[in-house]
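The structure appears below as structure tokens.
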Amino acid sequence: MTRHFLNLSDAGGDAVAAMINDAMDRKAARKDWPKGKADADAPLADHVLAMIFEKSSTRTRVSFDIGIRQLGGTSIVMDSGSMQLGRGETVADTARVLSRMCDAIMIRTDDHGKIEELAEYADVPVINGLTDLSHPCQIVADLLTLVEHGKALPGLEVAWLGDGNNVLNSIIEAAGLMKFNVRIGCPEGYDPDSSFIAAAQNAGAGVTIFRDEAEAVAGADVVVTDTWVSMGQEHVHNKMAAMMPFQVNDVLMEQAKPDALFLHCLPAHRGEEVMPSVIDGPQSVVWDEAENRIHAQKSILRWVFGQI
Ligand code: CP
Ligand code: NVA
């Protein structure tokens, strides 16, 4: 059966834990090597990853490209605007053709339904590089970063501040799989997807929405935020004023545990969702988090090919 990675639950908690371990081992094994040098075992030698971008990307694009090279394979990066997909060729036909030419497909798109359709018609693994609904690859890197920095996932108190977006949906999904709790501080009207909340709660995770930012952060082990305006939502006006109380600043960070870590998937907007003193301060691990996109993508690639 073809393994797709559209959401974290496609893999499940045990596989996500195995990915984190695999990423840590492989990262340690190639410490200080040139980034373009393949890992000694090159486990995906001769494999070709097709990447389709219907939205902008820096980290996802580069980390998958470098990641597949380190695994011994190669990639083809396509912007939908320069593909026939952008001129009306169907998602199904694109899936059929790329399945004959490539070994896996990573796509960043808007409507999550599109990636589900791609997976339905593809004979090769399809990986979610972000949709409007979720961003599972980001969360594998985030969990790896937390574990690397000494946090045990079960029972962890993760506070999210700001917009209830795709990244938060995947954090909530991870909470159910890895048994941690999410305390969400967001204004009314910007809640995360209710089906992700219900699934995580059914799996035993605590997922609570607060309208008061200090309550959300109180005693947290990790504080996370993201842009207030996700790609494709630039038309949503009057959001800034509602979001401003949920800005992550020094006063808010003081409500969290003294050893709390700060995460942000990036790109960041200093002065909006986070103040420079936090993202550029001692509790921030955002550059480790960004680097870990490479190590996480490699483990995701190995998982879809049945190597984990
Ligand atoms: N965090 C993340 O996905 O970054 P990019 O949009 O640059 O890929
Ligand atoms: N929530 C953001 C994440 C960017 C990596 C967006 O969808 O634009």
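Values quoted throughout were computed directly from the atomic coordinates according to the rules given, and no laboratory measurement underlies them. Keep in mind the model is a prediction, meaning the values are calculated, not measured. A quick note on method: Cβ atoms are made from the backbone with ideal geometry, for glycine too, and the neighbour counts reach across all protein chains shown.
Could you list, in sequence order, all residues of segment 70-86 that are surrounded by fewer than 20 Cβ atoms within 10 Å (Cβ to Cβ) and either under 14 Å from Ser299 (Cα atoms) or in contact with a His (Cβ under 9 Å, 6 or more places away or on another chain) (or both)?
If the condition is that a residue be surrounded by fewer than 20 Cβ atoms within 10 Å (Cβ to Cβ) and either under 14 Å from Ser299 (Cα atoms) or in contact with a His (Cβ under 9 Å, 6 or more places away or on another chain) (or both), then Gly72, Thr74 are the ones that fit.
Looking only at segment 239-268, how many residues end up being under 20 Å from the mean Cα position of the chain (by Cα) and surrounded by fewer than 16 Cβ atoms within 10 Å (Cβ to Cβ)?
Matching residues across segment 239-268 total 1.
Restricting to segment 249-297, count the residues that are within 16 Å of ligand 1 (Cβ to nearest atom), assigned to a helix (DSSP H, G or I) and of a type outside the set (Gly, Ala, Ser).
So the count comes out to 11.
Looking only at residues in segment 59-69 that are buried (at least 17 other Cβ atoms within 10 Å of the Cβ) and within 16 Å of ligand 2 (Cβ to nearest atom), which one is nearest to Gly306 (Cα to Cα)?
Looking at the filtered set, the residue picked out is Phe64.
If I go through segment 1-23 residue by residue, how many of them are part of a loop (DSSP other than H, G, I, E, B) and free of Cβ contacts under 8 Å to residues at least 60 places away in the same chain?
Pass one, segment 1-23, residues part of a loop (DSSP other than H, G, I, E, B): 1-4, 6-7, 11-12.
With free of Cβ contacts under 8 Å to residues at least 60 places away in the same chain added as a condition, the list becomes 1.
So the count comes out to 1.
Name the residues in segment 38-58 that are charged (D, E, K, R) and surrounded by 21 or more Cβ atoms within 10 Å (Cβ to Cβ), would you?
Step one: of segment 38-58, the residues charged (D, E, K, R) are 39, 41, 46, 54-55.
Selection gives Glu54 alone.
Answer yes if at least one residue in segment 215-238 is free of Cβ contacts under 8 Å to residues at least 60 places away in the same chain, surrounded by 13 or more Cβ atoms within 10 Å (Cβ to Cβ), part of a loop (DSSP other than H, G, I, E, B) and away from ligand 2 (no atom under 16 Å from the Cβ), and no otherwise.
Yes, that holds for at least one residue.
Identify, by number, the condition in (1) within 13 Å of ligand 1 (Cβ to nearest atom); (2) surrounded by 17 or more Cβ atoms within 10 Å (Cβ to Cβ); (3) not small (Gly, Ala, Ser) that Arg26 doesn't meet.
(1)
If we only count helices (runs of 4 or more DSSP H) wholly inside segment 87-206, which ones have 1 or more residues that are crowded, with 20+ Cβ neighbours inside 10 Å, within 16 Å of ligand 2 (Cβ to nearest atom) and touching a residue at least 24 places away in the same chain (Cβ under 8 Å)?
112-121, 136-148, 166-178, 194-202
How many residues does segment 239-278 contain that are farther than 14 Å from Asp163 by Cβ and away from ligand 2 (no atom under 15 Å from the Cβ)?
20
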